[in-house]
Amino acid sequence: NSETREEIGKAIAQKNNATIIPPFDYVNVIIGQGTAGIECLEQLGEINVIPDIVLCCCGGGGLIAGIGTAIKTKFEKSKIYSVEPENFDDTKKSLEKNEIVPNSMKYKSICDALLAEKPGNITFNINKLNLTSGVSVSDNEALIAMNTAYKHFKIVLEPGGAVALAAAISQKVDVKNKNVLVIASGGNVDKNIFENCLKTETI
C-alpha cells in the first residue's frame, strides 16, 4: 500500500529504455483477451447452448471488454455483467453514471488482481456498449466461491478470479433457469488465503 506499480514500472522502463504495455487499457491487449471469448463461443457451439447471462471479473475492464465484444458478435441478447470486489466497483458505478468514476482506494480487498483505481478510457467506452450493468461481491463471497470451485471442479482460483462464480452463487443477478457463462480467471493465490477459503462454507 506504500508504492505505486505504475511509477515503479515507469522508472524501470526509463532505466532500461523499455516500452510499457498497459495491462488493460491497450487495444492489442483487449484483442488478445477477446480470444477467451472466442473460445467460449466455440465451446458453447459444441454443446448448442446460448448464454442468457455472462458474468466476468473486472478490474480495469480489459478482459470483459474483449470477452464481451466476442460474445456480442454472436449473441446480441446475452446480458453481460461486470463483477468486482466491494468498494472497488468502479465499472459498476461508471456504467450507472455513464462516466468514469474512480475508486477511493482507501479500502482493502483480498481480490488484489482487480483493484484498479478506475476503468480505462478505451475499456469503458467498449464496456458501456456491451455490458448490461455491474455487480459487486464481498471478500467472504469470493472465498466461498474459491472453496466451491475446488470442491466441485478441482479448480484452484485466486480471489479475483472467483468473483464471477461468487456473483452466481450469491445470486447477485437472477440466474434461476438461465444459461449462465461464468468466467473463472486466474489461479495465482496466496497459500494462506487458499487455506482460509477451505475453512469457509461451500455449496
For this session: Answer yes or no: is there a residue in region 130-151 that is more than 18 Å from ASN188 (Cα to Cα), open to solvent by 70 Å² or more (accessible area, probe 1.4 Å) and charged (D, E, K, R).
Result: no
Scanning region 81-107 residue by residue, those of a type in the set (A, V, I, L, M) and closer than 22 Å to ILE53 by Cα turn out to be VAL83, LEU95
Those residues of region 166-203 that are in contact with a strand residue (DSSP E or B) (Cβ under 9 Å, 6 or more places away or on another chain) and either without any contact (Cβ under 8 Å) to a residue 24 or more places away in the chain or acidic (Asp, Glu) (or both) come to a total of 1
Scanning region 162-203 for residues that are part of a loop (DSSP other than H, G, I, E, B) and of a type in the set (A, V, I, L, M) gives VAL173, VAL175, ILE183, ALA184, VAL189, ILE203
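Residue-by-condition table, conditions (1) of a type in the set (A, V, I, L, M, F, W, C); (2) assigned to a helix (DSSP H, G or I); (3) open to solvent by 90 Å² or more (accessible area, probe 1.4 Å):
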site	(1), (2), (3)
SER2	no, no, yes
GLU6	no, yes, yes
ALA11	yes, yes, no
THR19	no, no, yes
PRO23	no, no, yes
GLY32	no, yes, no
GLN43	no, yes, yes
The residue from SER82, SER94 that alone is under 29 Å from GLN171 (Cβ atoms), touching a helix residue (DSSP H, G or I) at 6+ places or on another chain (Cβ under 8 Å) and in a strand (DSSP E or B) is SER82
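Okay, residues lined up against (1) among the hydrophobic types (A, V, I, L, M, F, W, C); (2) over 24 Å from CYS111 (Cα atoms); (3) in contact with a strand residue (DSSP E or B) (Cβ under 8 Å, 6 or more places away or on another chain); (4) at pLDDT below 95:
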site: ASN1; (1), (2), (3), (4): no, no, no, yes
site: THR4; (1), (2), (3), (4): no, no, no, yes
site: GLN14; (1), (2), (3), (4): no, yes, no, no
site: THR19; (1), (2), (3), (4): no, yes, no, yes
site: THR35; (1), (2), (3), (4): no, no, no, no
site: LEU41; (1), (2), (3), (4): yes, yes, no, no
site: ILE53; (1), (2), (3), (4): yes, no, yes, no
site: GLY59; (1), (2), (3), (4): no, no, yes, no
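The values are calculated or read from the model by the stated rules, or taken from the named source; none is laboratory data. Everything numeric here is computed off the predicted structure, so don't read it as measured data. We place every Cβ from the backbone using ideal geometry, glycine too, and count neighbours over all the protein chains shown. Surface areas here come from the heavy atoms of the whole protein model, side chains and all, with no ligands, DNA or RNA. Shrake-Rupley method; radii C 1.70, N 1.55, O 1.52, S 1.80 Å.
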